[in-house]
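For reference, the structure is listed below as structure tokens.
The values are calculated or read from the model by the stated rules, or taken from the named source; none is laboratory data. Keep in mind that this is a model prediction, so the values were computed, not measured. Counting neighbours? That spans all protein chains shown, and the Cβs are built from the backbone with ideal geometry, glycine included.
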Number of protein chains: 2
Amino acid sequence: MLSLLDIRSRIEAGQLTPAGAIDLCRAAIAARDPGIGALASLRAEAAVPETGPLAGIAVGVKDIIDTADMPTQMGSPIYAGWQPKADAAVVARLRRLGAAILAKTTTSPFASADPTQTRNPHDPGRTPGGSSAGSAAAVGAGLLPLALGTQTAGSVIRPASFCGCAAIKPSFRLLPTVGVKTFSWALDTLGLFAAGTQDLAYALAVLANRPEIAGAAVAAPRIGLVLQDFAGEAEPEARAALEAARRAAERAGARVDDLILPEPMPEAWTRQRVIQDYEAAQALGWEYATHRAALSEQLGQHLDGAQAIPASAYDAARRAAHHARRALKDLFSDYDALLTFSAPGPAPQGLASTGDPRFNRLWTLMGVPCVNVPVPGGPLPVGVQVIARFGDDGRALAVARLIEEALARQ
Amino acid sequence: MLSLLDIRSRIEAGQLTPAGAIDLCRAAIAARDPGIGALASLRAEAAVPETGPLAGIAVGVKDIIDTADMPTQMGSPIYAGWQPKADAAVVARLRRLGAAILAKTTTSPFASADPTQTRNPHDPGRTPGGSSAGSAAAVGAGLLPLALGTQTAGSVIRPASFCGCAAIKPSFRLLPTVGVKTFSWALDTLGLFAAGTQDLAYALAVLANRPEIAGAAVAAPRIGLVLQDFAGEAEPEARAALEAARRAAERAGARVDDLILPEPMPEAWTRQRVIQDYEAAQALGWEYATHRAALSEQLGQHLDGAQAIPASAYDAARRAAHHARRALKDLFSDYDALLTFSAPGPAPQGLASTGDPRFNRLWTLMGVPCVNVPVPGGPLPVGVQVIARFGDDGRALAVARLIEEALARQ
């Protein structure tokens, strides 16, 4: 993979120019993307700023995020060739920081559950996950050092786990979703993919203009290990990865306790879909009313069903989420972070499914920062998920880094 | 003014067709809009559904709200002629309910504080207010029975007060803002303008698919009268209107207590601008980076200043808002509604200013439903503001109706 911090330090040392760094990415894309299909479009002549904290960083932008100089096609024929007027807020911010917006990355239609044609860079017979398929695959394949995705259920952390890259779904609305196609306004969260946790910390700190995110450190963190039994069992590879991460954390000085999440949380987990679907039926109201036949299969059926969700069920789901957020806040007075599965196992075979977000739904609903840390060693990538309290993205990344480094020393 | 419910009952009685009802609006527009300038664009051939709870209702849509069949120009030369791909979620919903989307209404640039060229229908030498200038003026002038606006500080309730029509800023996110240009994602709220509170209740209930909003009733409500001293004094006309509304409420059986808002609320009031401006700097990041010279005067200066707001000030403002929301929730255990000023006074002279949103800022930040009730009798329109707890839009409208009817009986 291409490390953002490595590229930045070579540029600062005068060993590489920003334009040269972008050319490295273009060469990697030319060599490897034909077998993966991570990109929805590639800008032939991207502006490459000479200065700024992200100068020389080529960024891939999930194709539900507006770009003023590239089509934004939502992974759907309904938006084929569609050119928005403006950059999304996060894209404008990236440009201001010196980044080169090089490519749009493939997405499930409207960030839904339907698959894309993108292949997993570690096994072309497997899915890269979704809905941020192209962003995870592009970073995992070493095509780009940074990519943007979004998560409504599990669309950042799960594909990162499948593609073997680091990723963060930050605290809700830490990064603005203005100019990002909405699926569910209470859940949609912008996330970042990169080679490692320090790359993520650097990028998130400058994007959010919060230097403390990159400067956070924890010694001897208290970690709660949760299996999320309410979401079903994980596969052996995911259980092995979680156990490896636990031992690595303990070797690095962490105290790791087994923890059962108290009741409001399993209950909230069951309600995430209600909020997601009730809002999606409204958010995609124009597409559903005017282009029902052009919607992808699962999304179309999904929205058919969502029309009937009563407001009372939505209100009850929001109350359940509110109670669970309070319980989770209390829980974080005893723990610096939680450690759990990023996905049920390695990427599933075939391209028919993007995998299951069941270990991600609760945390998106809680709005808390979640980091995927790849666990090396298996034949296929599997990651673990590090979670911190709302607003403490720096701590989530610091604990993730501690585990990442301990795993690397093994 | 054109009453939505009156049009609907004439259609249901077979005295008017939906197309005939739309023609009434076209005739009113042709006769009176040249002197007002409420419309940014008018659809020559609008679809007129024959059925649905809003069949025959011509709607004006503030020109920061996306429409698939009309340009959406944001009140700014930057978006001159811009044609979005899709309808905003609320527009798709209106069409599904049978409404005819007849016109886009003028807006301050990006719903900011800068004026439009629209004139007050009650005095062409005065502002209609802003930023939802055209929607308030079109309904106040009897051009349309229903119009959509948005409020980030005071952009629905204030222009309604100036133009003499009823309006509701519903609970935060009761109506989805998908497809509405963002100024501040924590504040932007869709609102409705209509001739009276029953029109509002009917329209909001069907739009939100919550029949209980139209069915709510209160007998002998407990009302807290608040002057919002922290926001400065109101002008004599506004004080007289508030006193008239108080007496009307008492005659109708309400108990009205004078109430001083407890401390977290004045403090939160001072922080509304911080949240608004911090988010606007991000939301309008592309416009600022690429079209600074084409921004309107106040907005440009506003965004210049907003670049320097630190994340810590934003975080502190959000905490202050959170504390105030809790205090307000407690307060509503003693009161069905609060009654206060909608605006400092009647519409100011001239078109240079859209007036001051100082009596609206707190309530937008609190996310609670607010209704403007016009108080008849003065030479120029002045309204009062009825406020209920979060999520109880039906109660806000029921108390507003009680006052509206008592004022009419006077």
Worksheet item: So which residues in the stretch A:118-148 are within 15 Å of A:A195 (Cβ to Cβ) and either of a type outside the set (A, V, I, L, M) or surrounded by fewer than 24 Cβ atoms within 10 Å (Cβ to Cβ) (or both), if there are any at all?
Response: A:P121, A:H122, A:S135, A:G140, A:G142, A:P145
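Does B:L207 count as under 21 Å from the mean Cα position of the chain (by Cα) and over 20 Å from B:A408 (Cα atoms)? Steps first, please.
Numbers: under 21 Å from the mean Cα position of the chain (by Cα): yes; over 20 Å from B:A408 (Cα atoms): yes.
Yes, satisfied.
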Worksheet item: So which of A:T177, A:T152 is polar (S, T, N, Q) and either away from chain B (no Cβ under 14 Å) or under 11 Å from the mean Cα position of the chain (by Cα) (or both)?
Response: A:T152
Item to complete: Please enumerate the residues belonging to the stretch A:187-207 that are out of contact with any helix residue (DSSP H, G or I) (no Cβ under 7 Å at 6 or more places or on another chain), in contact (Cβ under 8 Å) with a residue 60 or more places away in the chain and more than 16 Å from A:I57 (Cα to Cα).
Response: A:D188
Practice prompt. Return the only residue of A:L190, A:L200 being within 14 Å of chain B (Cβ to nearest Cβ) and under 24 Å from A:C25 (Cα atoms).
Written response: A:L190
Practice prompt. Please give the number of the condition A:S171 fails out of (1) within 14 Å of chain B (Cβ to nearest Cβ); (2) buried (at least 24 other Cβ atoms within 10 Å of the Cβ); (3) in contact with a Phe, Trp or Tyr (Cβ under 9 Å, 6 or more places away or on another chain).
Written response: (2)
Fill in: Output for the stretch A:182-218, where each listed residue is in contact with a Gly (Cβ under 7 Å, 6 or more places away or on another chain) and part of a loop (DSSP other than H, G, I, E, B)
A:A216
Response to the item:
In the stretch B:260-292, residues that are polar (S, T, N, Q) and more than 9 Å from chain A (Cβ to nearest Cβ) total 3
Worksheet item: Any residue at all in the stretch A:49-65 that is β-branched (V, I, T), within 14 Å of chain B (Cβ to nearest Cβ), outside any loop (DSSP other than H, G, I, E, B) and over 23 Å from the mean Cα position of the chain (by Cα)?
Response: no
Response to the item:
When (1) within 14 Å of another protein chain (Cβ to nearest Cβ); (2) surrounded by 23 or more Cβ atoms within 10 Å (Cβ to Cβ) are applied to A:A208, the one that fails is (2)
Worksheet item: Under the condition of being at the interface with chain A (Cβ under 8 Å from one of its Cβ atoms) and not in a loop (DSSP other than H, G, I, E, B), which residue from the stretch B:78-128 is nearest to the chain's Cα centre (by Cα)?
Response: B:V91
Worksheet entry | All positions within the stretch B:357-410 that are surrounded by fewer than 24 Cβ atoms within 10 Å (Cβ to Cβ), aliphatic (A, V, I, L, M) and in a loop (DSSP other than H, G, I, E, B) | B:L380
Worksheet item: Is it true that A:P159 is under 20 Å from A:Q272 (Cα atoms), crowded, with 24+ Cβ neighbours inside 10 Å and either modelled with pLDDT of 95 or more or over 10 Å from the mean Cα position of the chain (by Cα) (or both)?
Response: yes
Item to complete: Scan the stretch B:143-160 and give yes if some residue there is at positive phi and in contact (Cβ under 8 Å) with a residue 60 or more places away in the chain, otherwise no.
Response: no
Worksheet item: If you go through the stretch A:68-77, how many residues are in a helix (DSSP H, G or I) and facing chain B (nearest Cβ under 9 Å)?
Response: 0
